[in-house]
Structure formats: structure tokens, C-alpha cells
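The values are calculated or read from the model by the stated rules, or taken from the named source; none is laboratory data. In this text, all values refer to a predicted model and were calculated from it rather than measured experimentally. Don't worry about glycine lacking a Cβ; one is built from the backbone with ideal geometry, like all the others, and counts go over all protein chains shown.
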Amino acid sequence: MTTSPTIDSQSGPLSGETTLTILYGSQTGNGKGVARQAMARAAELGLPAKLKDMGDYKMSELKKEKNLMVVVSTHGEGDPPDPAIELHEFLHGKRAPKLEGVNYSVLALGDSSYAEYCQTGADFDERLDALGATRLIDRVDCDVDFEDAAEEWIEKSLEAFVDKVDMSGPAGGVPTFVPVAAPKTTFNKKNPFNASLLEMINLNGAGSAKETWHVEVSLEGSGLTYQPGDSLGVFPTNPPEVVSALINALGLNPDVKVEAPTGEATLKDALSHSYEITLITRPVAHKYAELSRAGKLTKLLGDDRKDEFQEYIYGRDLIDLVNEFPVAGVSAQEFVGILRKLPPRLYSLASSLHVHPDEAHLTVAAVRFHSHGRGRKGVCSTYFADRIDEETEIPVYVDTNENFKMPVDPATPMIMVGPGTGVAPFRAFLEEREALGGTGRNWLFFGDQHFTTDFLYQIEWQRFLKDGILERMDVAFSRDQTQKIYVQHRMLERARDLYAWIEEGATLYVCGDESRMAHDVHEALVQIVANEGEKSREDAESYVKDLQKTKRYQRDVY
């Protein structure tokens, strides 16, 4: 079932109590896309519905609802996406209303490579139930390859709501559940465009411990467009040596045929192009435990040993799993049947189409490390660094991020915090501002290890400063002195000016590592607001939440 992508209404044709409310909380846009699909399908069926972003949802509306379809993603290690934070806290607080008489269904989006997979969706599902609402269908948890499961959930949910929604309004009618023909599509996640490499430049100097590539690919002939803040989705291939080692560990023939997501293929080709093999996710480990009947692995997967399991899988891949828990006589088809599809990798676009027509620029840090007696490498980062040339077809698509966008008013000041490769979108922001003549002041915080070897795009920042596009730039090179200095320390040093910019209407952007940097930057921001604004901790946190709600504090963290 595929639905029209053109409906994007915040309110349906009927606003009565028995209208269906499709409520979504989305960080990068996947959740919003699913909610739009549900809205479009409801319209086709004649179901009165309204579409609501959790970030704009008024808490007082909740007790008036009768029918709720909830779509929500999980961000990082079990956290709600930014637009859903306030509603999530409200539902779990003392002021949450009783919800007897409310019907609901929940779709949870997540990534099973994280420990708290789909946790936010589970939180909403369990809390709505605890408050007395009626679950019409079981929650569906979706991995990164979510499209088919989401479409099935939409269909089942709407079928369950038919008898609950008032069909007497102007959109009413007798719904008929029939498959919807897929529209003619351009290039997208399901139909990626084969881009070609234009140029690759190592941004690090000689002697650096890092390897960061500026990658330029051609989109000519694709019709793909993007805005600063969007990402390019890339479908890589797995490292050939890892594929061979896995097949050898299994004791299988690389040329044996299997049914892969793209059709019949040799085992070697399927493991190269179709399946995730360098990460152990909890769902895959569960399936492998059933296949291998390994008691030790089954015990490790117990709910009371989640931290131990995460420690075990850190730095390991499927080769390690197969070697430690071998399965005698496993067939190639049985093995690939437990794997998840190889997901695309998303890279923040580091270019403006106004400056580089038909091109997409990326900033890619090659991941290489040694763990458990073997060398390891990032799948997509070394795909770029080691395995492509100008003849390679690189399957790509544009992943829109509506929660990380430049201000609509080009005169609005921007404060950008982007250490390491997190600086990529801000190159695009500044290119866009210069190309379109934006007059807003711009301030960049950048950090990395060493000034002499790791100052990514240094010459470009210097030109932006010289030409007045960039008014201020603060840098933090953590290893150039005994005490490590990071971007959050520079923010605290510039607290007075930074708070003044925010008070004058600046929008603050943060891009980069979620596990530590983003938390530290957030804490620094709260401290700055508390100290410079002479506010209590509670009032400072409320101030920062308001910045997030009004999209004056946006994050693209991973």
C-alpha cells in the first residue's frame, strides 16, 4: 500500500470529538512521513482526520481526544525526539489526564543497533494504556527499514478505527480497504539514483590521527534537490574481506544461491550488497540464539543483562558471533533469513545547490579501529575511502530533515556548533547565506583534536570571515594543551555574548555526536541561560525548552 505524498494538512475536514487524530513526533522526518501517509490514506477512505505534530500539540487537547494514531521515533539511547519531549514528560507527569474512552494505536520507529530500540514508542504505548486508553491493535516496532511495516500498520490501524470515527461529516462515507496503486516516483530511498564521484580530498594534514574526506558526487540527471540541513542517504557495500571471512566462518559456498531482498543472488553478493554484517543488533542476536541453541547467548540476551549484552557486542560483528557460537549444518538461506537489511548511511549535506548545482558534498570520517584481535572498519566511511572511484555507481537519495533548517528570515542571526564532521551542514548554511544575500549575523563554534592537522575547511572559514559572511568563529582543539578543551568550554567562555545573541533572536544549531558532545553542549546552554539571564535552574531549562519548541534551538545529532 502506497499513499499520496501530497496531503500535509494540520487539520482535517471535521473537528468533532470522534475525529481521528494522527499525532507524530519526528526528529529527522521519517515519523512525519509515515503520519502523512496515514493522513492521505484516511482521506482516501473518507475517515475524518487531523494531522498534529507533537511539537505543536497543546496538552489540554489530550483529554478531548477519542481516537489517536501515534507515530513516534526514538532518538539516541531511548530518548524522545525533540518535538516529542514536552508531551512525553506531560504524559508521565502528575497532570496527565485519565484517558478512558480513548482508542489508540502506536507505531514506534527506531534503530535496532541501539540498546533502547523503539523505547519512546513503547513509553507512549504503555502510558496511554496505564491512563485508561484502549489499544485497538498491538504496537508495531520498526527498524531502519520501516516502510513496509509502517504501511501495514497504517492499514490495520485505519481498519480498526472505522467503527470508532464519526463518518457523518463531510468526509464521511463507506470505507473500502483496497490496495492503493503505487504512484510514479522519482529517485528516493526505494529507488536510489546512481551518482558518480567527482572528487575526494583528505581534509586532515600529515600526521593526523584522523582521516576525514571531503566527497563530491554528481547528481546530474537525477532531478534531486535538497536544502541545507538535509542529508544524503548512501547505500554502501560491505568490505569484501569481511564478507569472505564471514562465509569462511560459516563454512558455506560463496556461490550458493539465496533469496535476497533484491531477488535471487549468490551468498557472496547478498552479503556484500543486501545485509548488515558488521553490527550485532539485539533482534539478530535473538534469532541467531534460536538458530544456534547457544545457552550462553540466550542467557546473555535476558532482560536483566542488557548492559552486559551491550558490552559484549561492542566492537564485535557477526564473524565473532559465528566463531563463538557455531551452528553445524546451517544453510545459506537460513543464515541470511535472520539478518536485517543493510541500511543506508545518512551524511549531512555540506553544500548549497545554489553554489554547486547538480552536486552533493559530504564530510566523511573514515572509521578504522582494532578490537578483539581483528582490524575493523566502518562500512560506508571506508566504502568512500577505499572502495570507490570515478567509475563506481553510488546509490543515493535525499533524506529531508524538516527539524534542522535555516531560519525563514534571512536576517535572523545563526549560532552554529559543529565539532568534527558535525561542521558539515554549516558549510552548506554559510554557502546558502552568501548565495542568497542573507544579512543575518553568523557565529560558528568548531572543535577537533589539533589545529595544525585537523582544522577542517580552514581556508573556507577564513574566507567567510574575511568577506563578512561569518562574523565570529571560536575554535577548540582538544589535544593542543594539557587540559582538553571542547566546544562547550568555548561557549561558556563566550557566555555573555552568546546569551545576548539568543536574546536578540538568534537560532542555535548543534550537529555531531549525540552520546557526549550534544549532552555537554545542552548542559552548557542551560548554564549560560541560568547565569546570564539570572534564572533558576528550572527556569533556565524551561527557557531552553521554549527555544526548542519554537525551533530556535535545533539539533542534528547521531
Options Val322, Val330: the member that is among the aliphatic types (A, V, I, L, M), more than 24 Å from Asp141 (Cβ to Cβ) and in a loop (DSSP other than H, G, I, E, B): Val330
Got a sec? Which of Glu220, Glu211, Glu276 is modelled with pLDDT of 95 or more, of a type outside the set (Gly, Ala, Ser) and farther than 30 Å from Gln27 by Cβ? Glu220
Do we find a residue being within 30 Å of Asp320 (Cα to Cα), among the hydrophobic types (A, V, I, L, M, F, W, C) and either surrounded by fewer than 19 Cβ atoms within 10 Å (Cβ to Cβ) or over 21 Å from the mean Cα position of the chain (by Cα) (or both) anywhere in segment 374-391? yes
Quickly run through segment 280-308 and pick out the residues that are surrounded by 13 or more Cβ atoms within 10 Å (Cβ to Cβ) and either outside any helix (DSSP H, G or I) or touching a residue at least 60 places away in the same chain (Cβ under 8 Å) (or both). Ile280, Thr281, Arg282, Pro283, Val284, Ala294, Leu301, Lys306
Selection count, segment 184-230, where residues are touching a Phe, Trp or Tyr at 6+ places or on another chain (Cβ under 6 Å) and of a type in the set (Ser, Thr, Tyr): 1
Of the residues in segment 465-504, those that are of a type in the set (Phe, Trp, Tyr) and under 14 Å from Phe446 (Cα atoms) number 2
Is it the case that some residue within segment 224-241 is surrounded by fewer than 20 Cβ atoms within 10 Å (Cβ to Cβ), more than 21 Å from the chain's Cα centre (by Cα) and of a type in the set (Ser, Thr, Tyr)? no
Does Ala206 fit the bill of being outside the structural domain of Arg41 (by TED's automatic domain parsing), among the aliphatic types (A, V, I, L, M), surrounded by fewer than 15 Cβ atoms within 10 Å (Cβ to Cβ) and modelled with pLDDT of 95 or more? yes
What do you reckon, is Ser351 surrounded by 18 or more Cβ atoms within 10 Å (Cβ to Cβ), touching a helix residue (DSSP H, G or I) at 6+ places or on another chain (Cβ under 6 Å) and not assigned by TED's automatic domain parsing to the domain that holds Thr281? yes
Out of Val529, Val510, report the one residue that is surrounded by 21 or more Cβ atoms within 10 Å (Cβ to Cβ), β-branched (Val, Ile, Thr), at pLDDT 95 or above and over 20 Å from Leu444 (Cβ atoms). Val529
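A quick yes/no check of all residues on (1) modelled with pLDDT of 95 or more; (2) outside the structural domain of Glu89 (by TED's automatic domain parsing); (3) in a helix (DSSP H, G or I); (4) touching an Asp or Glu at 6+ places or on another chain (Cβ under 6 Å):
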residue	(1), (2), (3), (4)
Ile469	yes, yes, no, yes
Val475	yes, yes, no, no
Ile485	yes, yes, no, no
Glu523	yes, yes, yes, no
Would you be able to tell me the number of residues in segment 60-82 that are within 26 Å of the chain's Cα centre (by Cα) and more than 18 Å from Asp125 (Cβ to Cβ)? 3
